[in-house]
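Here is the structure we will look at.
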Amino acid sequence: MERVSDDYNWTFRFTGRIIKDVINMGSYNFLGLAVRYDESMRTVKDVLEEYGVGVASTRHEMGTLNKHKELEDLVAQFLNVEAAMVFGMGFATNSMNIPALVGKGCLILSDELNHASLVLGARLSGATIRIFKHNNMQSLEKLLRDAVIYGQPRTRRAWKKILIMVEGVYSMEGSIVRLPQIVALKKKYKAYLYIDEAHSIGSVGPTGRGVVEFFGMDPQDVDVFMGTFTKSFGAAGGYIAGRKDLVDYLRVHSHSAVYATSMSPPIAEQIIRSMKFIMGLDGTTQGLKRVRQLAKNTRYFRQRLNEMGFIIYGNEESPVVPLLLYMPGKVAAFARHLLNRKIGVVVVGFPATPLAEARARFCVSAAHTREMLDTVLEALDEMGDLLHLKYSRNKKSARPELYDETSFELDD
């Protein structure tokens, strides 16, 4: 729905106008599973008829159903870990479970670009928080070394726990965590590793199993897996997974388990259906084809933007594609012009990003056809010329064999 502001974005009002047939480049529907009802969703409809819409109870009381148990077993199988626990809200999965894992006398080492849910959970825990530069292993190792050498402030006692918190794919940068190096540091300094795979689960890795599979690593190297079902799985909620004793501890001590209402049964069934689809347990290879199509679309979209002369952030395999606008005054114009072309994008500025690093964030989906992407790219090409957004001095050629010119651009 269209919304406008009369007071410079302090408040918004809806005009009542519904804009239809828009190419969605802003939502996290990575595998195209958040779609209208079709016959493949029959099981969701059956669960709705059998269980109803809600549970109206917590997991500790009368809110644990066989659907929750089936989903948790499937998540553990999907991630190749011992156990998993699911929650009704993705944001609360971080903010309500981190305080159950660490507390006073513990140290959290958090990436400077971690999501707000991780930041809130860390603050609520009462643990000491120290920030390391984004994906910077030297910065992280210095903090780890100092933590081991000096211990807690004043008392100099050893920290009860040292927890490294990172994301798989960072939602504002499109970058992928340097997992092999972080695991090496974690083992060297005897720390724990908590990884938020909200944006990476289902979207990266040969079969969509996240950054651990992307780097070909052992799931046992990560102590706590967290992820959400709101993106690749087209549903809602989140999970914590890892060793069985970890999950059993959270079942008793997690605020979400004790106080929050259980996940809706139809939502649980939608996640089960989506996960089986990705794993091929539905008897087809369509899920694997979606994962591969997402990777193909991502590489194509990023390559074309580079060739046009835009500056984009992130890893080449990341379906989150931030396009740098820089000037705050160009943000609204960029979004409005594209919406007039029936293209929906998310634009982000201060305080979510640094003041001079405003950007548009595109989320590529397996559901995007080549024609859709070409339509968007054609509009972006025109918009880049209109608003002077093609800041890159290092355009990449589509035919590098014909482009043998040395670049003398200095790195900042």
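Details
- When ILE278 is tested against (1) over 30 Å from LEU323 (Cα atoms); (2) open to solvent by less than 70 Å² (accessible area, probe 1.4 Å), exactly one condition is not met: (1).
- Counted residues, the stretch 28-52 - those being closer than 17 Å to VAL291 by Cβ and of a type in the set (Phe, Trp, Tyr): 2
- Residues of the stretch 309-330 satisfying the condition of being open to solvent by less than 20 Å² (accessible area, probe 1.4 Å) and not in a strand (DSSP E or B): GLY309, PHE310, SER318, PRO319
- Single condition TYR259 does not satisfy, out of (1) at pLDDT 95 or above; (2) in contact with a strand residue (DSSP E or B) (Cβ under 7 Å, 6 or more places away or on another chain): (1)
- Scanning the stretch 84-95 turns up no residue that is in contact (Cβ under 8 Å) with a residue 12 or more places away in the chain, more than 20 Å from MET263 (Cα to Cα) and assigned by the TED database to the domain that holds VAL222.
- Filter result (of a type outside the set (Asp, Glu), in contact with a strand residue (DSSP E or B) (Cβ under 9 Å, 6 or more places away or on another chain), open to solvent by 50 Å² or more (accessible area, probe 1.4 Å) and assigned to a loop (DSSP other than H, G, I, E, B)) within the stretch 1-19: MET1, PHE12, THR15
- Condition met for GLU72 (open to solvent by less than 20 Å² (accessible area, probe 1.4 Å) and among the charged types (D, E, K, R)): yes
- Residue count for the stretch 102-140 satisfying the condition of being open to solvent by 40 Å² or more (accessible area, probe 1.4 Å) and not polar (S, T, N, Q): 15.
- Hits in the stretch 349-364 - residues which are touching a helix residue (DSSP H, G or I) at 6+ places or on another chain (Cβ under 7 Å) and either open to solvent by 10 Å² or more (accessible area, probe 1.4 Å) or polar (S, T, N, Q) (or both): GLY349
The values are calculated or read from the model by the stated rules, or taken from the named source; none is laboratory data. Predicted model, so just to flag it, every value in this text is computed and none were measured. Note that each Cβ is placed from the backbone with ideal geometry, even for glycine, and that neighbours are counted across all protein chains shown. Calculation scope for accessible area: heavy atoms of the full protein, side chains included, ligands and nucleic acids excluded. Shrake-Rupley method; radii C 1.70, N 1.55, O 1.52, S 1.80 Å.
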